[in-house]
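The values are calculated or read from the model by the stated rules, or taken from the named source; none is laboratory data. The structure displayed is predicted, hence computed values, not measured ones. Cβ coordinates were reconstructed from backbone atoms using ideal geometry, including for glycine residues, and neighbour counts include every protein chain displayed. Heavy atoms of the whole protein, side chains included, go into the accessibility calculation; ligands, DNA and RNA do not. Shrake-Rupley method; radii C 1.70, N 1.55, O 1.52, S 1.80 Å.
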Number of protein chains: 2
Amino acid sequence: MRILITGGGGFLGSRLAQALLARDPAAKITLLDVAFPNPPDGRFTAITGDLASPDVFARALPADTDAVFHLAAVVSGGAEADFDLGYHVNLDGTRALLEACRKLAKPPKVVYASSVAAFGGKLPDVLDDTTTPTPQTSYGTQKVIGEYLVADWTRKGMIDGRSLRLPTIVVRPGKPNLAASSFASSIIREPLAGVAVDCPVPDTTGVWILSPRRVVDAFVHAYDLPASAWPTSRVVNLPGITLTVREMIDAMATVAGAEKAKLVRFVPDARIQGIVKTWPVRFRTDKALEMGFKADESFEDAVRQHGNAG
Amino acid sequence: MRILITGGGGFLGSRLAQALLARDPAAKITLLDVAFPNPPDGRFTAITGDLASPDVFARALPADTDAVFHLAAVVSGGAEADFDLGYHVNLDGTRALLEACRKLAKPPKVVYASSVAAFGGKLPDVLDDTTTPTPQTSYGTQKVIGEYLVADWTRKGMIDGRSLRLPTIVVRPGKPNLAASSFASSIIREPLAGVAVDCPVPDTTGVWILSPRRVVDAFVHAYDLPASAWPTSRVVNLPGITLTVREMIDAMATVAGAEKAKLVRFVPDARIQGIVKTWPVRFRTDKALEMGFKADESFEDAVRQHGNAG
């Protein structure tokens, strides 16, 4: 079993790599990323490169590759700030990966990380499996286009694709990043570490959430499911839970003490609010639940999960 | 007023050019196409070139261009038969056009010819403005991706985009082409000219139809509408009328005589049927009607329209 994880230097990619190796110690796992802040151990092959550079897949995708987990992307705030970079990596890079998959010995399974940023603008109060994507960011646009490419490459028998629309992943470890959703983790992570943090959105802001452990489970489950379990679009909205920023902070206080909550200051940021306010907050995810994907039991679990991992 | 029409050598592009010049005789209209079977008269500038070739827009899109009508595409059957060519022209070409639009003196209006091939597979009996595109062909996939690009470029203020999902255009003049929908015109056009014709689909096959005159009107109307009339997706399903192949042939008989109907032979073609059976047949087009787009009064009108033009 040979596997490529794009974005394998990132937090989700590296956790996914660990999970895949734990279930199949003989797996040969290559991690591709533009940088490896924490170099992987010797059980993994790390390749540094840009998704859309001409030769990267000649190195990262040997002909006997069985599966690709495509997580690499310029995140929402980054793709909004740098239009060309976003299209270069998120569209051209995805296309280049799919083209490279056509050259493999057999059509690989491709699990593609899409996003609820696919949705935006004037939305129903509760989205469901029939809601049409209307992204209000370039990142969301690029993710939706990637879904359509994955579906068409699959229909043509070039890959066996599976696209997951990820909720906002909370609690992310590490440092804040350019994702507009970065605050959703910072307001938990920083106080848990005893550090004050600015929250750029009002505490009434709703967020559609999945924990890191659950999303890694979802990638593995998406891989395991038979092709017949997927709709022809090959896309599914993952289950999540809905909380307001206030409810998130309260849950943290329940787990870690009321003093922690006082470390969150509200400092409005119009740019972040402008992006986040277009995102969906509530979903019915009947299809995903029927397919066996699972949401978190509670946000307190996600907070404890971060405490235990950190 | 300077206007570019891609696909300007084609039947719709050349009729649109005539219509635009008729309403504004001072307009400078450039026609871009890979070939001009009927070279345009001296009032138009014809440029031969491939949409996705590096320098074509340096020639076809002067900085003072005000509007682009983007009709050029590898048609459905062609894009299905040649996967790479379809993506090259329909995706890379559209992207190259949009990139070139960023270099203009001011954001141009871009009217984009999309298609009901955006829809396919398991569909409701009657589609409406909320139906999510699920294309079952590479052509349909490329058209939907183009819509999302047009919407994102518009959101960023780089163009003022308007996408029209065209029904099957009947009666097309000229010769059969690689479009899987080509039969829908051939079964009328050839008998009207006294020529026998093979119909590759059963006579119970439904088709969602708009006449050439109405679609040219729709392009002009899409151009004329204020930006505020458009949804943020900038996409609309054009109105049409639904007929079975049998009803189309009967209408031709009504207009031109029963003998004509006998010139249609049914010769099943599995490849064509495989594409056509995934297409939608019935729509509610409330949004388009509210915006002032119009369907044909009857199919007999479309048959007479062809007779008069020919």
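Name the shape class, rounded, prolate or oblate, that the alpha-carbon gyration tensor gives for segment A:23-67, where a ≥ b ≥ c are the square roots of its eigenvalues, rounded holds for a/c under 1.5, and otherwise prolate holds if a/b is larger than b/c and oblate otherwise.
Oblate, since a/c reaches 1.5 and b/c is not below a/b.
Step by step: find N for chain A, compute 2.2 N^0.38 Å, then divide the Cα radius of gyration by it. What's the final number?
Compactness ratio reported: 0.96.
Sticking with the crude label model, points 7 Å out along Cα→Cβ, report the distance from A:Thr132 to B:Ala258 in nm, one decimal please.
Here the answer is 4.4 nm between the modelled labels.
When only DSSP loop residues count, what trypsin sites (Lys or Arg not before Pro) in segment B:57-156 have their Cβ near at most 15 other Cβ atoms within 10 Å?
B:Arg102, B:Lys103, B:Lys122, B:Lys156
Can you check what the net charge comes to around B:Pro173, using other residues whose Cβ is under 11 Å from the Cβ of B:Pro173 (Lys, Arg +1; Asp, Glu -1)?
Charge balance in the 11 Å sphere: +4.
Could I have the simple spin-label model distance between A:Arg23 and B:Ala19, label points 7 Å from Cα toward Cβ, reported in nm to one decimal?
My value for the distance between the label points is 5.5 nm.
Hey, can you find the accessible area per residue of segment B:170-263 for me, probe 1.4 Å, expressed in square angstrom?
Accessible surface, normalised per residue, equals 38 Å².
Dipole of segment B:156-279 (Lys/Arg Cβ +1, Asp/Glu Cβ -1, origin at the Cα centre): which of B:Thr204, B:Pro167, B:Met248 lies farthest to the positive side?
Value computed over the given set: B:Pro167.
If you average the alpha carbon positions of segment B:241-287 and of segment A:96-122, how far apart do those two centres end up, in angstrom?
That distance is 37 Å.
Would you mind getting me the FRET efficiency between A:Lys175 and B:Asp269? Use the beta-carbon distance for r and R0 = 60 Å, nearest 0.05.
0.50
Could you tell me whether segment B:30-114 comes out rounded, prolate or oblate from its Cα gyration tensor? Rule is a ≥ b ≥ c as square roots of the eigenvalues, rounded for a/c under 1.5, then prolate if a/b exceeds b/c, otherwise oblate.
Here segment B:30-114 falls in the oblate category.
When the accessible area of the protein assembly as shown is computed with all protein chains present and a 1.4 Å probe, what percentage of it is carbon and sulfur?
With neighbouring chains kept in place, the figure for the protein assembly as shown is 53 percent.
Tell me whether segment A:63-166 comes out rounded, prolate or oblate; compute the Cα gyration tensor, take square roots of the eigenvalues as a ≥ b ≥ c, and use a/c under 1.5 as the rounded threshold.
Since a/c reaches 1.5 but b/c is at least a/b, the shape of segment A:63-166 is classed as oblate.
Just add up the charged neighbours of A:Glu99: K/R +1, D/E -1, any other residue whose Cβ is under 14 Å from the Cβ of A:Glu99.
-1
Interface size between chain B and chain A, please: total buried accessible area, 1.4 Å probe, rounded to the nearest 100 Å².
Summing both sides, the interface buries roughly 2500 Å².
Considering only Cα-Cα distances, which of the following residue pairs are longer than 18 Å: B:Lys175/B:Lys294; A:Lys122/B:Lys122; B:Lys109/B:Lys156; A:Lys277/B:Lys143; A:Lys122/B:Lys287; B:Lys103/B:Lys156?
Going by Cα-Cα distance, B:Lys175/B:Lys294; A:Lys122/B:Lys122; A:Lys277/B:Lys143 fall outside the 18 Å limit.
Size of the protein assembly as shown along its principal axes in angstrom, Cα-based, largest extent first?
Taking the Cα atoms of the protein assembly as shown, the three principal extents are 85, 49, 43 Å.
What is the diffusion coefficient of segment A:77-133 in µm²/s, taking the Kirkwood radius over Cα pairs and the Stokes-Einstein relation at 4 °C with a viscosity of 1.567 mPa s?
So the translational diffusion coefficient is about 92 µm²/s.
Along Cα→Cβ at 7 Å, what distances in nm separate the B:Ala270 label point from those on the other copies, shortest first?
When each copy's label point is compared with this one, the spacings are 6.3 nm.
Counting alpha carbon pairs within less than 8 Å and at least 6 residues apart, what relative contact order, in whole percent, applies to chain A?
Worked out over chain A, it gives 17 percent.
Taking a probe of 1.4 Å, how large is the accessible area per residue of segment A:1-149, in Å²?
It amounts to 37 Å² per residue over segment A:1-149.
Pairwise over distinct Cα atoms, reciprocal of the mean inverse distance: report the Kirkwood radius of segment A:210-310 in Å, one decimal place.
For segment A:210-310, inverting the mean 1/r across all distinct Cα pairs yields 15.9 Å.
Once ligands and nucleic acids are excluded and a 1.4 Å probe is used, how much of A:Ile241 is accessible, expressed in Å² to the nearest 10?
Counting only protein heavy atoms, the figure is 40 Å².
Distance between Cα centroids, segment B:43-95 to segment B:162-230: provide it in whole Å.
About 21 Å separates the Cα centre of segment B:43-95 from the one of segment B:162-230.
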